[in-house]
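Colleague: Questions regarding the structure given below will be posed in turn.
The values are calculated or read from the model by the stated rules, or taken from the named source; none is laboratory data. The structure displayed is predicted, hence computed values, not measured ones. Here the Cβ positions follow ideal geometry from the backbone for every residue, glycine too, while neighbour counts run over all protein chains shown. Side chains are part of the model used for accessible areas, which takes the heavy atoms of the whole protein and leaves out ligands, DNA and RNA. Shrake-Rupley method; radii C 1.70, N 1.55, O 1.52, S 1.80 Å.
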Amino acid sequence: MPPYETARAEPASNNKQRPIFEETAAGSSLSGGDPMGGEVPEPRRLNRALSFDDWVPDEALHLVMGYVDDPRDREAASRVCPRWHRIDALTRKHVTVAFCYATHPARLRERFPRLESLSLKGKPRAAMYGLIPDDWGAYAGPWIDELAAPLECLKALHLRRMTVTDANIAALVRARGHMLQELKLDKCIGFSTDALRLVARSCRSLRTLFLEECPITDKGGEWLHELAVNNSVLVTLNFYMTELKVAPADLELLAKNCKSLISLKMSECDLSDLISFFQAANALQDFAGGAFYEVEELTKYEKVKFPPRLCLLGLTYMGTNEMPVIFPFSMKLKKLDLQYTFLTTEDHCQIIAKCPNLLILEVRNVIGDRGLEVVGDTCKKLRRLRIERGDDDPGLQEEQGGVSQLGLTAVAVGCRELEYIAAYVSDITNGALESIGTFCKNLYDFRLVLLDRERQVTDLPLDNGVRALLRNCTKLRRFALYLRPGGLSDDGLGYIGQFSGNIQYMLLGNVGESDHGLIRFAVGCTNLQKLELRSCCFSERALSLAVLQMPSLRYIWVQGYRASQTGLDLLLMARPFWNIEFTPPSPESFNHITEDGEPCVDSHAQVLAYYSLAGRRSDCPQWVIPLHPA
C-alpha cells in the first residue's frame, strides 16, 4: 500500500482513533502515494470529473472545495489531477497527524500552507498507563519552530501526549498569539504556569484553553487572573485532573468578563467557594471538578446553586449526604460523571433513577450489577457508558461484587441507542456479549477489560460471544478486548479477523493460544490501521508475518510477547517507509519510574512499528533500538 493510503474516516463525533493523517470537516487527511505533495497517484474512475475540470475555473473549484466536508470525498478530489491536488492543498483547513514521527513538519507546511487547525499526537497510548517513560520522545519543539510562523492562517493547535516546554509555548505565542483561538494540551508534560500566564496575557482571542491531565509545574495562580482580565471571548476552560491551585475570586471575575463561558472543568476547589462563580456564569452548561472537602456537612453546601443551563456535570468527592445537591436539576442532566465520588452502589441507584435523560454516564465499577440494572430501566437515551476500575478494597468488593455479565446484559437490553461501551468487569459470559451484539446495533466503540479479582470466570473462552458481537455490530470502528489467559482461543482470534472488516483500531491482551491464531486473525483484518497487543504468546516471527498480512496497517505497538534479545526476526516485516523500534527486556527498564515511585516500564520487551515519510527519528533514547531503517 502507499505510505498513507487514507481509509474511510468516520464523523468527528464518533471520537474514534484516526489514521496517521486524518481529515475532518473542511479539512482532510494526507493521502495518496506521497501525502505531503509528491507524485500524484493515477486517476481512478474519474473520466466524468476530468471532463468537468476542462471548463471549471480555479475560483469556482476553490469555492466548491470549501463545501466538501466528507473525508472520503476530499481524498478522491485530491487524486483527480495535479490541478485538483493543488487546489485541495490550498483549501484544507484542518489536518490531524496521528503520530508525530509519521512525517516531518516541513513536509506538512509545504503541502498545506493555509492550515487553520492542526492536531498532533505523540507518545503511544501506553504512556497513559505508565508503560512509556517521559524521556521516550514526542517533543513538540520541532513542530512549533517549523510551523508556528510560516502557517499564517493557523489559529488552533491541539497537542496530545507530547513534551511541551515553556520555551515552546513562548515561541507559539510570539508567532500566533495575536490570532490563536484554540490551544489544547492534552496529557502533555514539561511546562509550567509561567507559560500559561504568557498565553493568558497575549492570546486575547483565545476561545478554548484545554489542559486536562497535564502535570503542570505550579508557580502561582496569576495565570488565571491574567486570563480573567485580558479575555472576554473564552468559551471553554479545562484544567481538570491537574494540581493547579486557583483563587475562586479569579473564577468569578472570569465568569463576569466572559459571558460566553459554556464549559469549565477545573482542579480541586471546595464547592462552597464557587457560589459566586455559579451566580455569575449564567451561560455555563458543562462543569466538572470542584470538591466536597467536608463530607457529611450538607449544610455547608446547601447554598450551592448551579447555573440554570447546566446539563453536563461531574463532581469530586461527593458522598451520600451531598447527593441532594444534584436532585433539583437531575431531570435536565445529559452527562453525569461519578468516577471520583464516594458513592455506594445504592447511592448510584438513587441518583441514576432521577436522571432519565442521560446521554453520557461515567462511573466506577462500584456501581455494580444492581446499579446497571437501574441504568437499563431508566436511561433509554444513553449513548455512552464508561465503567472504570474502582478501588480494590476488599470491603467494597464484598458490598458490590463488581460488574459482571448480569449488569452488562441489563444495559444492553435497556439502552439500545448505545454507541460506546468501555467497561472493567469481574466476570463475563458469551451470552452477555451476544446480548450486546443483538441489542446495541449502533455501537462504534467497544472496550472490555476482564479483571483478575475472581479466581474463576464463569464462561471461558469467549469465542462465540466475540463472534456474535462483531458479526452483529457492523458499525464498530474501535475494539478493545483485554482478557485473562484462556480468555480467547485461536478460533476466537480467527473470528475477530473474520468479522472485523470495518474496524480501524484494535487493542488485544491475553488472547490466542499460538502463532497460528495470530496469522488467522491478521488475514481477515483488511482495514485495520492501528493495532496494540499486550501480554500475548506470539513469537517475533509471527508478529512480522501478521503485519505483512494486514494491508492497511500503519501502526503497531506490542508489549509482552516471546521476545529475543536482539529482535532480529522483526526485520521480516521491513519494507519501504516502515520504521521498526525495539525495546529489549532489560534491567535498565526499572530505572524509569513514575512520580509515585513505581516502575514506568516493566521487564517485557516492546515493539513499535509505523509508516513514516520522515525516516528514522533522531531523538531515540539509548534504550530504544531502531531496527529499520538501519
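Colleague: Looking for something touching a helix residue (DSSP H, G or I) at 6+ places or on another chain (Cβ under 6 Å) and of a type in the set (Lys, Arg) - is there at least one such residue anywhere in segment 283-302?
Modeller: Checking segment 283-302: at least one residue is touching a helix residue (DSSP H, G or I) at 6+ places or on another chain (Cβ under 6 Å) and of a type in the set (Lys, Arg).
Colleague: Now, a different point. Conditions first: (1) in contact with a helix residue (DSSP H, G or I) (Cβ under 9 Å, 6 or more places away or on another chain); (2) at pLDDT 95 or above. Residue 568 passes all but one, so which condition is the exception?
Modeller: (2)
Colleague: Given (1) among the polar types (S, T, N, Q); (2) open to solvent by 50 Å² or more (accessible area, probe 1.4 Å); (3) in contact (Cβ under 8 Å) with a residue 40 or more places away in the chain, identify the lone condition not met by residue 498.
Modeller: Tallying (1) among the polar types (S, T, N, Q); (2) open to solvent by 50 Å² or more (accessible area, probe 1.4 Å); (3) in contact (Cβ under 8 Å) with a residue 40 or more places away in the chain, residue 498 fails exactly one: (3).
Colleague: From the list 167, 127, which residue is aliphatic (A, V, I, L, M), within 19 Å of residue 215 (Cβ to Cβ), open to solvent by 10 Å² or more (accessible area, probe 1.4 Å) and without any contact (Cβ under 8 Å) to a residue 40 or more places away in the chain?
Modeller: Result of the check over 167, 127: 167.
Colleague: Hey, could you check segment 309-334 for residues that are more than 16 Å from residue 356 (Cα to Cα) and outside any helix (DSSP H, G or I) and say which is nearest to the chain's Cα centre (by Cα)?
Modeller: 314
Colleague: Let me ask another. Given the criteria crowded, with 18+ Cβ neighbours inside 10 Å, in contact with a Cys (Cβ under 7 Å, 6 or more places away or on another chain) and at pLDDT 95 or above, does residue 313 qualify?
Modeller: Answer is no for this residue.
Colleague: Follow-up. If residue 550 satisfies all but one of (1) surrounded by fewer than 24 Cβ atoms within 10 Å (Cβ to Cβ); (2) in contact with a Cys (Cβ under 7 Å, 6 or more places away or on another chain); (3) farther than 20 Å from residue 581 by Cβ, what's the number of the condition it fails?
Modeller: Here residue 550 meets the rest and fails (3).
Colleague: Among the numbered conditions (1) in contact with a strand residue (DSSP E or B) (Cβ under 8 Å, 6 or more places away or on another chain); (2) modelled with pLDDT of 95 or more; (3) farther than 23 Å from residue 357 by Cα, tell me where residue 290 comes up short.
Modeller: For residue 290, the failing item is (2).
Colleague: Name the helices (runs of 4 or more DSSP H) wholly within segment 374-476 that hold at least 3 residues that are modelled with pLDDT of 95 or more and small (Gly, Ala, Ser)?
Modeller: 405-414, 430-439
Colleague: Okay, next question. Condition test on residue 481, is it within 24 Å of the chain's Cα centre (by Cα), within 25 Å of residue 532 (Cα to Cα), part of a helix (DSSP H, G or I) and not charged (D, E, K, R)?
Modeller: It is false that residue 481 is within 24 Å of the chain's Cα centre (by Cα), within 25 Å of residue 532 (Cα to Cα), part of a helix (DSSP H, G or I) and not charged (D, E, K, R).
Colleague: Suppose we filter segment 153-186 for residues that are acidic (Asp, Glu) and within 26 Å of residue 90 (Cα to Cα); how many remain?
Modeller: Matching residues across segment 153-186 total 1.
Colleague: Restricting to segment 409-432, count the residues that are of a type in the set (A, V, I, L, M), more than 22 Å from the chain's Cα centre (by Cα) and more than 16 Å from residue 376 (Cβ to Cβ).
Modeller: Final tally of qualifying residues: 1.
Colleague: Name every residue in segment 129-151 that is closer than 30 Å to residue 605 by Cα and among the charged types (D, E, K, R), in order of residue number.
Modeller: Result: 134, 135.
Colleague: Could you tell me which numbered condition residue 321 fails, if it satisfies all but one of (1) touching a helix residue (DSSP H, G or I) at 6+ places or on another chain (Cβ under 9 Å); (2) crowded, with 19+ Cβ neighbours inside 10 Å?
Modeller: (2)
Colleague: Answer with yes or no whether residue 190 is open to solvent by 20 Å² or more (accessible area, probe 1.4 Å) and at pLDDT below 95.
Modeller: No; evaluated as a whole, the condition is false for this residue.
Colleague: I would also like to ask the following. For segment 517-540, which positions are touching an Asp or Glu at 6+ places or on another chain (Cβ under 6 Å) and either closer than 26 Å to residue 475 by Cβ or part of a helix (DSSP H, G or I) (or both)?
Modeller: Scanning segment 517-540 gives 517, 540.
Colleague: Could you grab me the full set of residues in segment 404-448 that are under 21 Å from residue 499 (Cβ atoms), touching a Phe, Trp or Tyr at 6+ places or on another chain (Cβ under 6 Å) and open to solvent by 20 Å² or more (accessible area, probe 1.4 Å)?
Modeller: Matches in segment 404-448: 416, 419.
Colleague: Same structure, new question: When you go through 494, 487 one by one, which is the residue that is in a helix (DSSP H, G or I) and among the small types (Gly, Ala, Ser)?
Modeller: Answer to the check: 494.
Colleague: Which residues, counting only those in segment 79-107, are out of contact with any Leu (no Cβ under 7 Å at 6 or more places or on another chain), open to solvent by less than 10 Å² (accessible area, probe 1.4 Å) and more than 17 Å from residue 147 (Cβ to Cβ)?
Modeller: Answer for segment 79-107, where residues must be out of contact with any Leu (no Cβ under 7 Å at 6 or more places or on another chain), open to solvent by less than 10 Å² (accessible area, probe 1.4 Å) and more than 17 Å from residue 147 (Cβ to Cβ): just 88.
Colleague: Here are the criteria: (1) over 18 Å from residue 288 (Cβ atoms); (2) of a type outside the set (Val, Ile, Thr); (3) over 22 Å from the mean Cα position of the chain (by Cα). Tell me which single one residue 251 does not satisfy.
Modeller: If we test residue 251 against (1) over 18 Å from residue 288 (Cβ atoms); (2) of a type outside the set (Val, Ile, Thr); (3) over 22 Å from the mean Cα position of the chain (by Cα), just (1) comes out false.
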